[in-house]
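Worksheet for the structure shown next.
The values are calculated or read from the model by the stated rules, or taken from the named source; none is laboratory data. Just so it is clear, the model here is predicted, and its values are computed rather than measured. All Cβ positions, glycine included, derive from the backbone under ideal geometry; neighbour counts span all protein chains shown.
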């Protein structure tokens with residue numbers, strides 16, 4: 001199995017386990033970026049807590065699922081965002097205004113698009129979830 005995009009593999013694994021109705025899933029590898037995106041999902045109550053099982057060579061992450069995800073995925077190519085064009089990408093990737101989140105990598109870290117917009121930050125679009 002090749003891992004060209006680990007974040008994409010993790011999100012598709014989470015989505016597949018959500019659709020089947022499982023309560024948790026184990027993913028590998030767990031990089032800093034993957035953990036940061038999972039933190040954003042956890043803070044917005046799309047997933048429950050997660051724990052690191054084995055820390056060497058990427059390690060495994062055990063994620064508890066809440067059944068709140070309808071769709072999630074990565075955005076390829078990773079579009080550059082300015083504070084002016086968040087609404088364009090909201091319309092493109094989310095089903096309705098104010099429904100779902102866009103995950104953005106900014107100079108202040110990985111965060112939700114609404115928080116980045118409040119702080120007046122641009123960045124790169126990483127993922128979406130609703």
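So the values come out like this:
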item	result
Residue in segment 68-78 that is touching a helix residue (DSSP H, G or I) at 6+ places or on another chain (Cβ under 6 Å), over 15 Å from residue 33 (Cα atoms), touching a residue at least 12 places away in the same chain (Cβ under 8 Å) and surrounded by 14 or more Cβ atoms within 10 Å (Cβ to Cβ) present	yes
Of all residues making up segment 86-103, the number that are surrounded by fewer than 17 Cβ atoms within 10 Å (Cβ to Cβ) and in contact with a helix residue (DSSP H, G or I) (Cβ under 6 Å, 6 or more places away or on another chain)	0
One residue from 83, 32 being touching a helix residue (DSSP H, G or I) at 6+ places or on another chain (Cβ under 9 Å) and either farther than 19 Å from residue 105 by Cβ or loosely packed, with under 14 Cβ neighbours inside 10 Å (or both)	83
Total residues in segment 1-20, condition in contact with a strand residue (DSSP E or B) (Cβ under 9 Å, 6 or more places away or on another chain), free of Cβ contacts under 8 Å to residues at least 60 places away in the same chain and exposed (fewer than 14 other Cβ atoms within 10 Å of the Cβ)	1
The one condition in (1) surrounded by fewer than 16 Cβ atoms within 10 Å (Cβ to Cβ); (2) at pLDDT below 95; (3) on the phi < 0 side of the Ramachandran plot that residue 58 fails to fulfil	(3)
Restricting segment 115-126 to residues that are surrounded by 15 or more Cβ atoms within 10 Å (Cβ to Cβ) and more than 14 Å from the chain's Cα centre (by Cα), the residue that is farthest from residue 83 (Cα to Cα)	115
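Table: residues versus (1) assigned to a strand (DSSP E or B); (2) over 10 Å from the mean Cα position of the chain (by Cα).
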| site | (1), (2) |
| --- | --- |
| 26 | yes, yes |
| 35 | no, no |
| 52 | yes, yes |
| 57 | no, yes |
| 63 | yes, yes |
| 67 | no, yes |
| 90 | no, yes |
| 128 | yes, no |
